[in-house]
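A short worksheet on the structure shown next.
The values are calculated or read from the model by the stated rules, or taken from the named source; none is laboratory data. All of these numbers come straight from a predicted model, not from anything done at the bench. Every residue, glycine among them, receives a Cβ derived from its backbone with ideal geometry; neighbour counts consider all protein chains shown.
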Amino acid sequence: MAFESLASRLQSTFDKLRGKGKVSEEDVTKAMREVRLALLEADVNFKVVKDFVNRVKERAIGQDVLKSLTPGQHVIKVVNDELTELMGGGQSKLAVSNRPPTVVMMVGLQGAGKTTTTGKLANYLRGKQNRKPLLVACDVYRPAAIKQLQVLGNQLDIPVFEMGNQTSPVEIARAAIEHAKEQHLDYVLIDTAGRLHIDEALMGELQEIKAITKPNEILLVVDAMTGQDAVNVAESFNNQLELTGVVLTKLDGDTKGGAALSVKAVTGTPIKFAGMGEKMDALEPFYPERMASRILG
Ligand code: GDP
C-alpha cells in the first residue's frame with residue numbers, strides 16, 4: 001500500500017507527542033530527529049529532508065504552539081501542512097487549450113508505465129471529463145509499442161492514430177494533430193519512445209516533437225517505487241524539455257514515498273496524477289493534502 005512503511009514510522013513518533021499534556025522544545029527536537037530518519041529511510045532527497053525539518057521546527061517551536069492546550073496536535077498539524085506544501089500544496093490540474101485539441105506529450109523511460117498511463121489518461125479524460133481523446137503511437141522503435149497502444153485503444157474504444165514504424169515520430173505527431181482537428185477531438189495524447197536510459201538521441205527526438213507540436217502539457221511518467229532514481233530522471237527530463245507535470249506510477253506498491261515527497265521540491269514540477277494499479281481506471285489526480293493525510297494517518 002502507498003506510504004505504508006513511512007506512515008507507520010511517523011505514526012509511532014506522533015503517538016508519543018499526542019499523548020502528552022505538555023510538550024517541550026526538547027520533545028519537538030526529539031520527534032523531528034525521528035521524522036528526519038523516517039524520511040531518509042523512505043528515500044526522500046537529503047536536502048529536501050533537511051529543509052523540511054528546519055521549517056517544521058521553526059514553526060512548531062517559534063510560535064505559541066507549545067503553550068497551546070493541545071501542543072502535540074499542533075505540531076502534527078504543522079507537519080501535515082508542510083508535507084502538503086512539499087507535494088505542491090493544491091492540486092495541479094491538466095491544461096486545457098482554448099484552441100482544441102489540447103496536446104499532451106507523454107515521456108518517460110521504458111518500463112515506467114508510459115503506454116499504460118497514456119491509455120489510463122485517455123480513459124480518465126473521456127470518463128471523468130467527457131472529452132474526446134486521440135491516442136498517438138510515436139514509439140516507432142520498440143516493435144510491440146504500437147500494438148500495445150492499439151490493444152489499449154480497442155479495449156477502451158478510444159481511437160488510435162498510427163502510421164507504422166517507417167514514418168518519423170515528428171511526422172506522425174504532426175499528422176495526428178491535423179487528424180484530431182478534422183475529427184473535432186479534444187485531446188491528443190502522444191505516446192513517445194522510451195529507452196532504458198536517458199540518451200541524447202531520445203532527448204533530441206523529444207525536443208523536435210515538442211518544437212513541432214507545441215504541446216500544452218509535457219508529462220513525465222516515472223515509477224514511484226524507484227525513489228530517488230525517479231527524482232533524478234525527472235530532473236534530467238526537466239532540464240531538457242521543461243516538463244509541465246509528472247505522473248507517478250505504481251504508487252499502489254510504493255510503501256516509502258520518497259519520490260512523491262521529493263519530485264516537486266527538487267524539480268519544481270508538480271505531480272499531476274498517480275497510478276494506483278494496472279487496470280485502466282487506476283489513475284487518480286494527485287491531491288497533496290490527501291496524500292499527506294495518508295502519511296500521517
Ligand atoms: P512503458 O515501457 O513505460 O510504456 O511501460 P508500460 O506501460 O508497458 O508498463 C510497464 C508495466 O508497469 C506494465 O506491466 C504495467 O501494467 C505496469 N504499471 C503501469 N502503471 C502501473 C501502476 O500504476 N501500478 C502498477 N501496479 N503497475 C503499473
May I ask you to list the residues in the stretch 133-148 that are surrounded by fewer than 24 Cβ atoms within 10 Å (Cβ to Cβ), of a type in the set (Gly, Ala, Ser) and either assigned to a strand (DSSP E or B) or in contact (Cβ under 8 Å) with a residue 12 or more places away in the chain (or both)? ALA145
The number of residues in the stretch 166-182 that are farther than 25 Å from TYR124 by Cβ and surrounded by 16 or more Cβ atoms within 10 Å (Cβ to Cβ) is 1
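Let's see how each residue does on (1) among the acidic types (Asp, Glu); (2) assigned to a helix (DSSP H, G or I); (3) farther than 29 Å from LEU283 by Cα:
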position	(1), (2), (3)
ARG9	no, yes, no
LYS22	no, no, yes
VAL56	no, yes, yes
GLN91	no, no, no
What single numbered condition from (1) on the phi < 0 side of the Ramachandran plot; (2) of a type outside the set (S, T, N, Q); (3) surrounded by fewer than 20 Cβ atoms within 10 Å (Cβ to Cβ) fails to hold for ASP254? (3)
What pairs come up if the first residue lies in the stretch 33-46 and is farther than 11 Å from LEU261 by Cβ, the second is outside any loop (DSSP other than H, G, I, E, B) and of a type in the set (S, T, N, Q), and their beta carbons are under 6 Å apart, counting only those six or more places apart or on different chains? GLU34/THR13
Can you tell me which residue is nearest to the ligand (Cβ to nearest atom) among those in the stretch 183-213 that are at pLDDT below 95 and not hydrophobic (A, V, I, L, M, F, W, C)? GLY194
Any residue in the stretch 107-132 that's more than 8 Å from the ligand (Cβ to nearest atom): show its pairings with residues that are among the aromatic types (Phe, Trp, Tyr) at Cβ separation under 6 Å, as long as the two are six or more apart or on different chains. LEU125/TYR187; ARG131/TYR187
